[in-house]
């Protein structure tokens, strides 16, 4: 502990102790993490409850899952048509309108190569020059579709050519309404442009413009994109799309073909899988929720999707990114705190893709558990990202049979944002508080150190090299401990200075006071030895006795203050009537000083003036003050003595009409061996101890004494205040 005290200053210790406040954010951080666990559990129950509520609404409704071919397992080449909830723009030059619908697109590549009359003998086992991704949806009586084609060499149709198959093209094959024939529509543009579809025969001859199909062809890096719209009343029960890639227009009968179906024949085209509108209405009737909801049949095929997983946070936080109001704080927040928080905290992001949501069928433990009749919840972290997905599933029953499941998913970004927001707010507050506390403690410690250092410098400058007291300590006006210490030191130094001055002045004062009686005694003895006349001898003997008496008085005065201080230490106080003590003393002074007049006012009609003290010491105090007043009074002028109680103080005032007290002596006359009497006017030796003894007696009674010049006439008033005693 001593080593600790020696190594660290007050400032360092305060800074060290203030650093312990860092434990507070650590504890609060642990508390927030615990709250995060509770919120995750609550969100898990909420999502499961949402899945249960929707599954309950779909229970015992097997007709919703058996309509048409909707509930059957998909055959190869079948096209599942997803509902599109708003019209799509086909002339904006991109597929941005498709938004979340692109998660349902399907891949077509080597496994989907098709042999046609344009490539009767070609083998495509290792040919990966052509592939595409496609998605189809339905909105307001129209079929929408797009194709993202990867092609290393795009060949457009020549404007001089009448053939539509000497270039890359898209073929749409659909079964006629009677089911006997196949309609073939070819889209072969001259360049990236709006679509001009042509209806062709089986041998691709006699092209006829089909105005009911609209769309646009875009060229992109690595290939091209096609976006189109077909009225639903044009479609039969089967539909298929095929991409023809002609790398060399001269070899018109050689083309790479990838199709969404098995062949160009009507029976091999894929069937259309249409959703059940009733399920849409039931889910819409459950109200909007901030979740990603899917309904799957018993085979896992997705029948309905509502919402997108990127925005399905489960929490709506309106003040996460509110900018700070103060621009200086905003600068610190953006350039210092936010980068620091990004390093420490896991920041949520909506820039993620989950492959499970881009398939037409859902898989996973939660789906398998629900299709086996068990509700299930789980958390899953996406690969190459720190996004956590909460998955909940609940079975849909028809009697005792499971006919499907409801899957409700939410990403945990909302909860993570909420946690980060709480932590950032906490850290901001802690940093501000810690900074303010640290700076406050630093300045406070610096102020204390400076005050202590200043007090030390004053203390070191009090005594000079010869050991004499040359300076004093300026008392601090502050009311704290250092101020008390400063005032105590100032009082000690003042008393030490008084005592030093007393010792320094003692020799000169004693030399002056002793010189006269010693001279008297010496001259008297010399004269006594040189005379034989008895009468003259008696005169000299009397003068020698007077000198010896004066020497004895000087010695008595010198020891009086010391003896009084020793007596005060052993004296016990009692309750006395101060007014009676004053009255008795004044009566005695009238006899002792018959040439002086005394005016006494003790307030007879007022309450008794009771204090705790010693009557003999009070009388001695009055003796010194009256003797001083008598000596300095003008002849015939009365000495006024007043004794009253004022609030909680007993006040004694003794005033005389005489010379004014010099201003510089108003505080010093109560010090030892200080006197303002001219030596030539002294009737008896004075060492300046009378008023000093008066102050000692006043301090013993816990009082205060002061001297002031009178305002009515020329003179001085000495006031003594002593605390009253209340029973």
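The values are calculated or read from the model by the stated rules, or taken from the named source; none is laboratory data. Keep in mind that what you see is a predicted model, and the values were worked out from it rather than measured. As a convention, Cβ positions derive from the backbone with ideal geometry for all residues, glycine included, and neighbour counts pool all protein chains shown.
Of note:
- Of residues in region 348-384 being at pLDDT below 75 and part of a helix (DSSP H, G or I), the one farthest from the chain's Cα centre (by Cα): 358
- Hey, residue 712 under 23 Å from residue 644 (Cα atoms), modelled with pLDDT of 70 or more and part of a loop (DSSP other than H, G, I, E, B) or not: yes
- Residues of region 434-449 that are free of Cβ contacts under 8 Å to residues at least 24 places away in the same chain and surrounded by 11 or more Cβ atoms within 10 Å (Cβ to Cβ): 439, 440, 443, 447.
- Scope region 175-201; condition under 21 Å from residue 268 (Cβ atoms) and either within 60 Å of the chain's Cα centre (by Cα) or not in a strand (DSSP E or B) (or both); matching residues: 176, 177, 178, 179, 180, 181, 201
- The residues in region 385-416 that are in a strand (DSSP E or B) and within 24 Å of residue 36 (Cα to Cα) can be counted, and the count is 11.
- Considering 369, 459, 398, the condition of being surrounded by fewer than 17 Cβ atoms within 10 Å (Cβ to Cβ) and either out of contact with any strand residue (DSSP E or B) (no Cβ under 7 Å at 6 or more places or on another chain) or without any contact (Cβ under 8 Å) to a residue 60 or more places away in the chain (or both) is satisfied by 459 alone.
- Meets criteria (under 25 Å from residue 29 (Cα atoms) and surrounded by fewer than 18 Cβ atoms within 10 Å (Cβ to Cβ)) for residue 452: no
- Selection status of residue 215, within 25 Å of residue 79 (Cβ to Cβ), out of contact with any strand residue (DSSP E or B) (no Cβ under 8 Å at 6 or more places or on another chain) and in the same structural domain as residue 134 (by TED's automatic domain parsing): no
- Considering (1) in a helix (DSSP H, G or I); (2) touching a strand residue (DSSP E or B) at 6+ places or on another chain (Cβ under 9 Å), the lone condition that residue 37 does not fulfil carries the number (2).
- Single residue of 130, 118 found to be buried (at least 17 other Cβ atoms within 10 Å of the Cβ), within 18 Å of residue 165 (Cβ to Cβ) and modelled with pLDDT under 80: 118
Yes/no per residue for (1) buried (at least 16 other Cβ atoms within 10 Å of the Cβ); (2) at pLDDT 70 or above; (3) farther than 30 Å from residue 179 by Cβ:
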| position | (1), (2), (3) |
| --- | --- |
| 244 | yes, yes, no |
| 248 | no, yes, yes |
| 252 | no, no, yes |
| 257 | yes, yes, no |
| 270 | yes, yes, no |
| 290 | no, yes, yes |
| 294 | yes, yes, yes |
| 301 | yes, yes, no |
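- Within region 136-160, considering residues that are over 21 Å from residue 266 (Cα atoms) and free of Cβ contacts under 8 Å to residues at least 60 places away in the same chain, the one surrounded by the fewest Cβ atoms within 10 Å (Cβ to Cβ): 160
Condition check ((1) in the same structural domain as residue 689 (by TED's automatic domain parsing); (2) under 18 Å from residue 671 (Cβ atoms); (3) part of a helix (DSSP H, G or I)) across all residues:
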site	(1), (2), (3)
449	no, no, yes
456	no, no, yes
475	no, yes, no
487	no, no, yes
500	no, yes, yes
